[in-house]
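**Q** Structure provided below as structure tokens; questions to follow.
Rule-based calculations on the coordinates, nothing more; no lab input. Note that the structure is predicted; figures quoted are calculated from it, not measured. We place every Cβ from the backbone using ideal geometry, glycine too, and count neighbours over all the protein chains shown.
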């Protein structure tokens with residue numbers, strides 16, 4: 001029973017640390033979708049991501065050892081710690097969840113590269129404007145997908161292109177429905193301080 005409890009605690013801790021490792025990338029996107037502020041606090045966790053990743057891998061390794069590596073000692077009547085079908089199932093489920101959490105920043109980055117824009121703005125009746133924005137605080141390519149998805153949901157936005165390499169974003173938008181300043185503020189609220197480089201224009 002004690003070994004079973006230790007295994008469960010190890011797997012829960014592995015999943016939690018994996019979620020913490022990806023919080024800086026995935027968290028702002030979830031906060032934006034829910035309309036919740038405070039995403040900047042999650043972005044601030046990025047420097048600790050490598051440490052969380054190492055801890056996650058170590059906990060998963062411990063879980064595999066407890067589940068598969070323990071053997072009954074020779075000439076011992078003590079009961080072998082239980083690691084049956086349920087324990088193995090829990091281990092693999094936790095491994096899958098933790099792996100998905102750890103890989104989610106890379107998945108977001110790949111999605112951003114594959115779809116650099118949201119699409120044409122069909123509701124606009126007037127000329128569209130293009131805003132050139134300077135974005136600070138992006139720490140990896142997955143930040144592109146986070147910003148792109150969040151800004152692309154705003155009314156009046158036609159397309160979004162974010163570039164981690166030079167810390168910039170280009171947004172096509174309807175100036176009758178949203179302003180370049182509002183777009184910059186929306187990205188800043190995600191935890192990436194943003195300013196307008198190019199004046200609004202058609």
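**Q** For residue 179 and residue 99, FRET efficiency with R0 = 35 Å and r from the beta-carbon atoms, rounded to 0.05?
**A** Plugging the Cβ-Cβ distance into 1/(1 + (r/R0)^6) gives 0.25.
**Q** A further question follows. Ranked highest first by the average count of other Cβ atoms within 10 Å around their residues, in what order do 57-64, 96-103 fall?
**A** In descending order of packing, they fall as 57-64, 96-103.
**Q** Which residues in region 135-160 have a backbone N closer than 19 Å to a point placed 7 Å from the Cα of residue 195 along the Cα-to-Cβ line?
**A** Residues passing the 19 Å test: 135-139.
**Q** In nm, give the distance between the simple-model label positions of residue 89 and residue 6, each being 7 Å from the Cα along the Cα-to-Cβ direction.
**A** Here the modelled spin labels are 2.4 nm apart.
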